[in-house]
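Beneath this line is the structure, given in structure tokens, with notes to follow.
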Amino acid sequence: MPSQGNAPLQPLQLVGPGFYGLNKQASSSILPAQWAGEAQNVVFDDASRLAARKGWLVVTVSPLAGTPAFGQIFEYKPTAPTVNKVISAANNKLYVGTTALADITGTLTITANNWKFVNFNGNVYGLQAAHPLIVYTGTGNFTAVVPASGTVPAGNELLSAFGRLWGVDSDKQTLKYSFLLDATNWTGVGAGSINFTNVWPGGADEITAVTSFNNRLIIFGKRHILFLGDTTTGSVLGLNPSNTIVTDMIPGIGCVERDSVQTIAGDDMCFLSHAGVQSLSRAIQERSPPKHDLSRNIRDYMLSSYTGITAGTARSCYSPRNGLYLLSFPGQKVFAFDTRIKLDDESWRVTEWNNTIPTSLCALEDGITIYQGSGGQIFQYSGYQDNLLTYRMVYQSGWLDLGQDASNYLKILKRISAVIFFQSGASLLFKWAFDFSTTFNSFTRTTTFDASGGEWGLGEWGLMEWGGQTGLQTLRVPGLGTGQYIKVGVEVDVNSSVLAIQQLELYAKTGRLA
């Protein structure tokens, strides 16, 4: 058994600290070093290190009067080979543009900003409850669609798929579909409606979202998922509503937020349910409420944030180039899911952003650009400031026991060593606590960046070791305190430069049995 007086320093290496992302479900337990107990305003970089997320760079020159929040941002994609346009909704008005926001509301009377926009046949259409179906052709203003036959849908969900518009009606049970490539005809040959009141397998439900996936029409209720397919070979556009039947259904799981639905990498779809963020492909495979959801390691923590928002206001986007599925709960948090790697339990790695909480999100067709709107302006996910201000990057490990050989002994912390990647001066706050205490010890290390290529820097604790143009520096801070379990963290204000945590190492002596 080690004795307190002459026990050697026991190093614990945290290579790729936080590599698995947040784990809030087991935050009160001992966790492997790869988990993070806190991961705020961070993402996983190309080396899978926890790194500062990018910031929000303002692109709108003159903010809208009253600096309103944006309820929606959408990319309009004309069929003609021209530049796509950004459509937005704020202050009960409609706008086009980013650097300058031109009012294209026209004569419409609008009382809310919860539009669902879709591209259809070269135009952009919008629908929200208690409003008419509206259209924008790329010039002039939005106008109300005047039906040539039937009545347009009057609900809160709209889909462009299989050569038609599909819209939910105000009863939340009826799905209307238009004539082929015609948004004005809603009844007669080639147009019509489907009522799902008596279709839900587990009793009453309501339509919350509609989408297409794998050549099928997907109807999300709050507690059910219905799959509609074609009884024949279908049409050249993929599905003929005249031959459509319910081909499958999954009870017990559904979508609670319309704008949480996103297609991921073309082969999966995710959505927010009462049980967390789910994978549609896994739901299909299991044909029951999934045992392994994509958010399983933060599920309760995430859902507690969701209960704090107004229903129907959650926003999401998927950026393939950034590998991010962003799910924003306005006024609460943004949860950033890394879609590039699935963990062994089939969940995604996830971090949280809590400095700027978008009320709207849109990932453009280029796969890189992400827009959000707030304060009467549109911002782009770029740079390393939030509207010219710093934001706080926070990492904390879970509770650590320094390995099986030392787990039952008290540990006397002597030193913390960190390999950090950064390219400008920074002031890093190192924190540590013992035995599930919420009181932390701390030590601040202020650094400078030497781009000249110096190998061995100055400072009592080796301020810059293997530094230079690579941006990798080893920082060492003295430790103190004793306990059986240790939690360690690093915090820093991000200001115009990237920063990533590559490795942490704790040096401690083992004492008596705890």
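The values are calculated or read from the model by the stated rules, or taken from the named source; none is laboratory data. Everything numeric in this text was worked out from a predicted model, so none of it was measured. So basically every Cβ, Gly included, is an ideal-geometry build from the backbone, and we count neighbours across all protein chains shown. Calculation scope for accessible area: heavy atoms of the full protein, side chains included, ligands and nucleic acids excluded. Shrake-Rupley method; radii C 1.70, N 1.55, O 1.52, S 1.80 Å.
Quick one: which of LYS172, LYS176 is part of a loop (DSSP other than H, G, I, E, B) and either over 17 Å from GLN262 (Cα atoms) or touching a Phe, Trp or Tyr at 6+ places or on another chain (Cβ under 7 Å) (or both)?
Working: LYS176 fails: part of a loop (DSSP other than H, G, I, E, B).
Of LYS172, LYS176, the one residue that is part of a loop (DSSP other than H, G, I, E, B) and either over 17 Å from GLN262 (Cα atoms) or touching a Phe, Trp or Tyr at 6+ places or on another chain (Cβ under 7 Å) (or both) is LYS172.
Give the range 201-250 a look and list any residue that's of a type in the set (Lys, Arg) and part of a strand (DSSP E or B), or say none. Within the range 201-250, just ARG216 meets the criteria. For GLN13, which of the numbered conditions (1) at pLDDT below 95; (2) assigned to a loop (DSSP other than H, G, I, E, B); (3) open to solvent by 70 Å² or more (accessible area, probe 1.4 Å) fails to hold? Just one mismatch for GLN13, condition (2).
Annotation: TYR95 fulfils all but one of (1) crowded, with 16+ Cβ neighbours inside 10 Å; (2) at pLDDT 95 or above; (3) closer than 25 Å to GLY238 by Cβ; the unmet one is (3).
Quick test for you: out of TYR371, TYR318, TYR391, pick the one residue that is more than 19 Å from GLU505 (Cβ to Cβ), aromatic (Phe, Trp, Tyr) and open to solvent by 30 Å² or more (accessible area, probe 1.4 Å). Before the answer, list the steps.
Values: TYR371 fails: open to solvent by 30 Å² or more (accessible area, probe 1.4 Å); TYR391 fails: open to solvent by 30 Å² or more (accessible area, probe 1.4 Å).
On inspection, the qualifying residue turns out to be TYR318.
Taken over the range 237-273, the criterion of being closer than 17 Å to ALA336 by Cα and among the β-branched types (Val, Ile, Thr) is satisfied by VAL261, THR263, ILE264. For the range 110-117, the criterion of being open to solvent by 40 Å² or more (accessible area, probe 1.4 Å), among the β-branched types (Val, Ile, Thr), more than 20 Å from TYR381 (Cβ to Cβ) and in contact with a Gly (Cβ under 9 Å, 6 or more places away or on another chain) is met by none of the residues.
Of the residues that sit in the range 461-508 and are aromatic (Phe, Trp, Tyr) and crowded, with 16+ Cβ neighbours inside 10 Å, which one is modelled with the lowest pLDDT? Give the steps one after another, and end with the answer.
Residues of the range 461-508 that are aromatic (Phe, Trp, Tyr), as a first pass: 461, 466, 485, 507.
Narrowing the set further to residues that are crowded, with 16+ Cβ neighbours inside 10 Å leaves 485, 507.
Values: TYR485: 95, TYR507: 92.
Among those residues, the one meeting the criterion is TYR507.
Among the residues of the range 394-425, those identified as exposed (fewer than 15 other Cβ atoms within 10 Å of the Cβ) and out of contact with any Phe, Trp or Tyr (no Cβ under 9 Å at 6 or more places or on another chain) are GLY403, GLN404, ASP405, ASN408.
Only one of (1) open to solvent by 10 Å² or more (accessible area, probe 1.4 Å); (2) assigned to a strand (DSSP E or B); (3) farther than 30 Å from LEU480 by Cβ is not met by ILE378, so which one is it? Here ILE378 meets the rest and fails (1). Scanning the range 183-200 for residues that are closer than 27 Å to HIS224 by Cα and either assigned to a loop (DSSP other than H, G, I, E, B) or among the small types (Gly, Ala, Ser) (or both) turns up TRP186, ALA191, GLY192, SER193, PHE196, THR197, ASN198, VAL199, TRP200.
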